[in-house]
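K.L.:
Below is the structure I would like to discuss, written out as structure tokens.
The values are calculated or read from the model by the stated rules, or taken from the named source; none is laboratory data. As the structure is a computational prediction, the values presented were derived from the model and not from experiment. Cβ sites come from the backbone with ideal geometry, for glycine too, and all protein chains shown count toward neighbours. Keep in mind that these areas ignore ligands, DNA and RNA; they rest on the heavy atoms of the full protein, side chains included. Shrake-Rupley method; radii C 1.70, N 1.55, O 1.52, S 1.80 Å.
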Amino acid sequence: NSGDQQGVAATTTLFMTIRMLFSAIGLAIAQSVMQNDIMPLLKVIAARFPDQANVVYNIVSNQSVIWESNVPIDVRDAVTEAYVKSTHKVYLVFMAFGSLTFIVSLFSKNLKLCRNLGGAAAE
């Protein structure tokens, strides 16, 4: 039936649009959490290594700076640890969102989308 095919196409398009929209929103949330968490940690590192403060702040815009030969191992390890801590915080935020989504899904109604050849909803 042509009407059913249009409904499936419209539903698929809506689903993909919502999926892409929430992917972009999720990326923005992750970036926001990461930036808000990493900057205070980098300020502490810059205070611990005042002679390497420029390097520490340049790492925010260009992460490959950390692998240059003039960067001391202590600074490299401290910055890496700061990024790991920030990434862990992003993980925890998304675990909270995932848990909330799971709990909400427990209360949603399960609708059967299959139809038999006669056109009536499958039981």
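K.L.:
Residue check, T101 against (1) among the β-branched types (V, I, T); (2) over 30 Å from G7 (Cβ atoms); (3) modelled with pLDDT of 85 or more, all met but one. Which one?
P.N.:
(2)
K.L.:
Right, another one. Taking the residues in segment 74-89 that are within 14 Å of M39 (Cα to Cα) and not charged (D, E, K, R) as candidates, determine which candidate is nearest to the chain's Cα centre (by Cα). Outline the logic, then answer.
P.N.:
As a first pass, look at segment 74-89 and keep what is within 14 Å of M39 (Cα to Cα): 78-87, 89.
When the remaining residues are screened for being not charged (D, E, K, R), the result is 78-80, 82-84, 86-87.
On the way: A78: 23, V79: 21, T80: 19, A82: 18, Y83: 15, V84: 15, S86: 12, T87: 10 Å.
Step by step, filter segment 74-89, then rank; the result is T87.
So that you can scan it fast, the table gives a plain yes or no per residue for (1) closer than 30 Å to V8 by Cα; (2) in contact with a helix residue (DSSP H, G or I) (Cβ under 7 Å, 6 or more places away or on another chain); (3) in a helix (DSSP H, G or I):
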| residue | (1), (2), (3) |
| --- | --- |
| V33 | no, yes, yes |
| I45 | no, yes, yes |
| I59 | no, yes, yes |
| D74 | no, no, yes |
| V84 | no, no, yes |
| V93 | no, yes, yes |
| I103 | yes, no, yes |
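Results for (1) among the acidic types (D, E); (2) in contact (Cβ under 8 Å) with a residue 40 or more places away in the chain, shown as yes or no for each residue.
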site: G7; (1), (2): no, no
site: Q31; (1), (2): no, no
site: M34; (1), (2): no, yes
site: D37; (1), (2): yes, yes
site: V56; (1), (2): no, no
site: N62; (1), (2): no, no
site: H88; (1), (2): no, no
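K.L.:
Okay, next question. Tell me, which residue of segment 53-72 that is within 26 Å of Y91 (Cβ to Cβ) and of a type in the set (V, I, T) is surrounded by the fewest Cβ atoms within 10 Å (Cβ to Cβ)?
P.N.:
So the residue we want is V60.
Residue by residue, here is whether (1) open to solvent by 50 Å² or more (accessible area, probe 1.4 Å); (2) small (G, A, S) holds:
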site: A10; (1), (2): yes, yes
site: M16; (1), (2): yes, no
site: M20; (1), (2): yes, no
site: A28; (1), (2): yes, yes
site: V33; (1), (2): no, no
site: A46; (1), (2): no, yes
site: D51; (1), (2): yes, no
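K.L.:
May I ask you to list the residues in segment 75-97 that are open to solvent by 60 Å² or more (accessible area, probe 1.4 Å) and of a type in the set (D, E, K, R)?
P.N.:
Of everything in segment 75-97, those that are open to solvent by 60 Å² or more (accessible area, probe 1.4 Å) and of a type in the set (D, E, K, R) turn out to be D77, E81, K85, K89.
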